[in-house]
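Enquirer: Right, I'll just put the structure down here and ask away after.
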Amino acid sequence: MSRRKILFGAVLLVLMTFLATSAGFLYLMNAWSSDVVSTLRVLRALQVVKSRYVEDVSVDTLMAGSIKGMVNSLNDPHSIYMDNKMFKDFMIETEGSFGGVGIVIGTKDKLLTVVAPIEGTPGEKAGIKSGDQIIKIDGQDTKDLALDEAVNKIRGPEGSKVVLTIKRGEDTKDYTLTRSNIQIKTVAGKMMDNHIGYIRISMFNENTGDDFIHKLQELEKQGMKAIVLDLRDNPGGLLNESVEVASQLVPKGPVVSVVTRDGQRETHSSNLAVPKYPVAVLVNGGSASASEIVAGAVQDTGVGTLIGTKTYGKGSVQTVIRLDEASAVKLTIAKYLTPKDRSINGVGIEPDITIELSETKDIDVQLEKALEVLKSKL
């Protein structure tokens, strides 16, 4: 083979390789072009504000603002950007204590709403109820406040005061509350007549599953034959803790399935061979998230009866992702389905027996109905 042919072949090979690489590069650039342009736009905005704004502002402040705006653009009240303080407060709450007035809040119909007051706290003692709308915090209108901002304004040092302007129906009232160190004891219980146990779970934090098992064992030693599980005004919490609670009540099989946007499914199951006793679960509009997982599992498996009013309807799953040592994003990453593949997000769970509480009577008619149902099964 002549030297000229070898050289020509080499040049042709290089040219073909170049064309193939270029074609691949152009294809990728075309696929990524919109993302690249958008990213450059953000960087350009950062440069413009940093160099031209009338006052000096740190890059950290600008980046935090851009990340916060990015997450807020999802229009998901459960996805939030957390700076260092917010992240610490969040961890304290899930670990079992925090400084504040003891109300769990959310966004409903774009209004700041009380999901549930926590038992024994300043908010609950003042008479704040599930469904109350928080119109102002210390005189500041909440209409344009993000959920995380509202939470931080309500929390504060023990002994300090905060004024919440509450709208309930057509009535508006100011509540002046003294913040306290909220110690969350999530599980309480007692034995009632006819060997019916009563267990109340106020929320699901890191200790709830173990505390529930201990309370069950305590009541079983006293001869418990049936159980009332009270999840009213329980705003939820940790998914794995709700699965642990449900796994003590429902038979072997799915408790909840977590489904991501690409359709991947992770199913959490119970290994309980046979349910030990009849169950009645009390729910209302303040029963949300993890408490709805338990309620949904009990209803779908037929192991018990749901009594009360329709639940809140938060059927999404969040995870906390650290961005660095000082910040994190709490992001909705999936939706959950009950054992019968029901999605309750924005819908809630209808109880098997609907019964409203009377505000004019001291009798807990929902609990009375639960005891009646369980007595008929003994």
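The values are calculated or read from the model by the stated rules, or taken from the named source; none is laboratory data. In this text, all values refer to a predicted model and were calculated from it rather than measured experimentally. Here Cβ is always computed from backbone atoms with ideal geometry, including for glycine, and neighbour counts include all displayed protein chains. Accessible surface is based on the protein model in full, side chains and every heavy atom, while ligands, DNA and RNA are left aside. Shrake-Rupley method; radii C 1.70, N 1.55, O 1.52, S 1.80 Å.
Enquirer: Give the residue, chosen from SER291, SER257, SER269, SER287, that is assigned to a strand (DSSP E or B), small (Gly, Ala, Ser), within 16 Å of the chain's Cα centre (by Cα) and at pLDDT 95 or above.
Expert: SER257
Enquirer: Show the residue pairs meeting these rules: Cβ distance below 6 Å; 6+ apart or different chains; first residue within segment 156-170 and touching a residue at least 24 places away in the same chain (Cβ under 8 Å); second residue among the hydroxyl-bearing types (Ser, Thr, Tyr) and open to solvent by 50 Å² or more (accessible area, probe 1.4 Å).
Expert: VAL163/THR176
Enquirer: ASN345 passes all but one of (1) out of contact with any strand residue (DSSP E or B) (no Cβ under 6 Å at 6 or more places or on another chain); (2) over 24 Å from GLN248 (Cβ atoms); (3) part of a loop (DSSP other than H, G, I, E, B); (4) open to solvent by 20 Å² or more (accessible area, probe 1.4 Å); which number fails?
Expert: So the condition that ASN345 fails would be (1).
Enquirer: Being open to solvent by 80 Å² or more (accessible area, probe 1.4 Å) and closer than 29 Å to THR309 by Cβ is true for just one of LYS167, LYS161, LYS173. Which residue is that?
Expert: Criteria check complete, one pass: LYS173.
Enquirer: Another question, then. Can you tell me which residue is least open to solvent (accessible area, probe 1.4 Å) among those in segment 324-342 that are in a loop (DSSP other than H, G, I, E, B) and at pLDDT 90 or above? Steps first, answer last, please.
Expert: Step one: filter segment 324-342 for residues in a loop (DSSP other than H, G, I, E, B), giving 324-327, 338-342.
Next, from what is left, pick out any that are at pLDDT 90 or above: 338-342.
Working: THR338: 5, PRO339: 38, LYS340: 138, ASP341: 81, ARG342: 78 Å².
The residue in question is THR338.
Enquirer: Just checking, does segment 129-141 include any residue being in contact (Cβ under 8 Å) with a residue 40 or more places away in the chain and either open to solvent by 40 Å² or more (accessible area, probe 1.4 Å) or out of contact with any helix residue (DSSP H, G or I) (no Cβ under 6 Å at 6 or more places or on another chain) (or both)?
Expert: Checked segment 129-141: at least one residue is in contact (Cβ under 8 Å) with a residue 40 or more places away in the chain and either open to solvent by 40 Å² or more (accessible area, probe 1.4 Å) or out of contact with any helix residue (DSSP H, G or I) (no Cβ under 6 Å at 6 or more places or on another chain) (or both).
Enquirer: Of all residues in segment 197-248 being farther than 23 Å from GLU368 by Cβ and of a type in the set (Ser, Thr, Tyr), which is surrounded by the fewest Cβ atoms within 10 Å (Cβ to Cβ)?
Expert: It comes out as SER247.
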